[in-house]
Amino acid sequence: MQGIISRAQIELGGGLTIVGMFLQLQTILSECYATRFSSRPETGTVQVTYPPILQEPRMQQRRPRLTPLPVFTLPLMLTCILALSLNPSYAEVPPRTVAAAPLQPPAIHYDLGYDIVSPVYARHGMVASEQGLATKVGLDILKRGGNAVDASVAVGFALAVVLPNAGNIGGGGFMMIHDAKSGKDVALDFREMAPSAASRDMYLDASGKVIPGLSVFSHLAVGVPGTVAGLAQALKQYGSMPLKELIAPAITLAEQGFEVSEH
């Protein structure tokens, strides 16, 4: 009952607001209707005297031609507004019940052991990845004088150890590079390639229909990796440090071990 009363009060308040707007409109119209016409037979002209509201500069270019409204129009409009505002059936709308879709477990569990929102500020460079240990590897490369590509390559190999689903030497990827000297932007594509024995219909059954999951969760879903070749190519063209030094941190993490999160 309280909800119905509150809704009615709100609707009534809205109705009164509209009533106020109509009263202002009535005042404006009454001034507009005050336009007077007087003829001058001696000159054969008609003099038009406009009300103050139409004598403003902004109204000089668009003086309207008005037709008087019936006297009952405004009261009728106000009556309709008040009737809609106080109608109980309009004030209360029954809620709709929508069944929620069942939650599906994620296909991949990402490392959520670190704060998602963690602002960091730097003056000369910054490294961001999905795993703190890999990020530190890239930061160390920058401190040693390496450039952004050097750090990216080192982070890529480190992620293959500390967080394989974010960085892997058995898959592929893309790399966007901005060359500050030339001002050019370069995109490298080293995604996986299909094996030489792959065919167009390898994921179809005898009737020509797609076999669910065969192209994603089976041995036939495996492609020829491109990560190692892509990172090496990026380093060769735009890096400044030898590949051996950039792989060394990943080897150390793999040999000495590291603390992992529950994911």
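Just so you know, all these numbers are worked out from the coordinates, no wet-lab data involved. A quick note: this is a predicted structure, and the numbers were derived from the prediction, not measured. Cβ placement follows ideal geometry from the backbone for every residue including glycine, while neighbour counts extend to all protein chains displayed.
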Practice task
Given the conditions (1) exposed (fewer than 10 other Cβ atoms within 10 Å of the Cβ); (2) aliphatic (A, V, I, L, M); (3) assigned to a helix (DSSP H, G or I), report the number of the one that Ala197 does not fulfil.
Solution key: (3)
Exercise for the section: Could you check, for the stretch 246-261, whether at least one of its residues is under 28 Å from Ala134 (Cα atoms), aromatic (Phe, Trp, Tyr) and not in a loop (DSSP other than H, G, I, E, B)? Expected result: no
Problem - Residues located in the stretch 168-192, provided they are surrounded by 13 or more Cβ atoms within 10 Å (Cβ to Cβ) and either hydroxyl-bearing (Ser, Thr, Tyr) or assigned to a strand (DSSP E or B) (or both) - result: Met175, Ile177, Val186, Leu188
Problem - Considering residues of the stretch 140-165 that are surrounded by fewer than 17 Cβ atoms within 10 Å (Cβ to Cβ) and within 23 Å of Val260 (Cβ to Cβ) only, the residue nearest to the chain's Cα centre (by Cα) - result: Asn165
